[in-house]
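We did not get these values from a lab; they are worked out from the coordinates using the rules stated. Only a predicted model underlies this, so the values are computations on that prediction, with no experimental measurement involved. In this analysis, Cβ positions are derived from the backbone assuming ideal geometry, glycine residues included, and neighbour counts consider all displayed protein chains.
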Amino acid sequence: MRVSAVLPGVLAAVLLVAPAQSAQLLTDGSGYAGPVIDIGFVPSPGYYFSDQPQTFGNATVTGTWVATVFGQPYYGFGSNGVSSNSLIIATGYSQASVTIDFATPLAAFGGNFNYAPDPGLGFPFVYDAPTLAAYDSVGDLIASYDLAALAPIDAAGQNDHFAFRGIDGEGRAISRFVFSGSYIAMQVQGTADLTPPPPGPVPEPASWALLILGFGLTGAVLRQRRTRTA
């Protein structure tokens with residue numbers, strides 16, 4: 001038997017059983033070529049919520065569970081500081097998620113992120129792991145990464161501090177990118193009116209759950225009082 005006749009079949013068998021390259025968690029944005037989401041003009045100050053898909057060029061952004069926060073400022077990250085002069089897309093609740101669907105799939109996607117670490121929130125029952133995930137065109141998971149465990153961001157005591165994080169599909173095109181857990185935000189491009197806000201305290205997102213809980217408890221107490229006096 002001629003070796004030359006056998007070799008192509010052997011090579012084909014090796015290629016069939018060779019494992020595909022794994023996706024990579026990116027932590028260095030120096031070589032990242034984009035894209036970067038541009039959300040256009042944002043009036044300031046305040047949060048701009050949306051539970052409907054918002055399209056920005058190749059990307060359609062959708063928030064799940066409560067809403068997606070668009071714009072700037074003030075968004076708190078607990079002990080990881082605050083976003084006060086950055087345009088961001090962020091979760092509107094600690095266990096919400098932001099989904100970015102791409103009309104044209106990408107080899108890699110990433111951006112500058114920050115999140116609230118568990119100890120900084122003060123009430124861990126609303127905490128979930130800050131996670132990045134990428135999916136292909138049929139909805140299969142390419143990779144999912146817990147940032148707190150694998151690539152933590154330390155911005156203690158700093159304002160507007162973000163760090164690059166992303167996913168390279170390593171040959172599998174990314175059609176959907178999701179970030180979720182904790183209070184997590186990604187910087188975006190755009191034009192903002194940076195007029196200072198009027199005087200007065202502005203609650204950070206991390207305080208909303210406590211406010212809602214407080215309103216609920218107050219309502220329960222009032223209902224009990226009405227029942228007793230009836």
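On full extension, the segment bounded by Asn58 and Asp154 gains 31.5 nm, given 0.36 nm per residue less the C-alpha separation. Taking amide H as placed 1.01 Å from N in the peptide plane, Leu26 has its amide H under 5 Å from the amide H of Gly166, Ile167, Asp168, each at least 5 places away in sequence or on another chain. Couplings 3J(HN,Hα) for region 94-101, derived from phi with the Karplus relation 6.51 cos²θ - 1.76 cosθ + 1.60 (θ = phi - 60°), are 5, 10, 8, 9, 10, 10, 10, 9 Hz, where x marks Gly and Pro. Calculated FRET efficiency, Asp28 to Ala173, Cβ-Cβ distance, R0 = 22 Å: about 0.55 to the nearest 0.05.
Full extension from Asp38 to Asp51: what is 0.36 nm times the residue separation minus their Cα-Cα distance, to one decimal in nm? Write out the running numbers ahead of the final one.
On the way: separation 13, 0.36 × 13 = 4.68 nm, distance 1.85 nm.
Net length gain for the segment: 2.8 nm.
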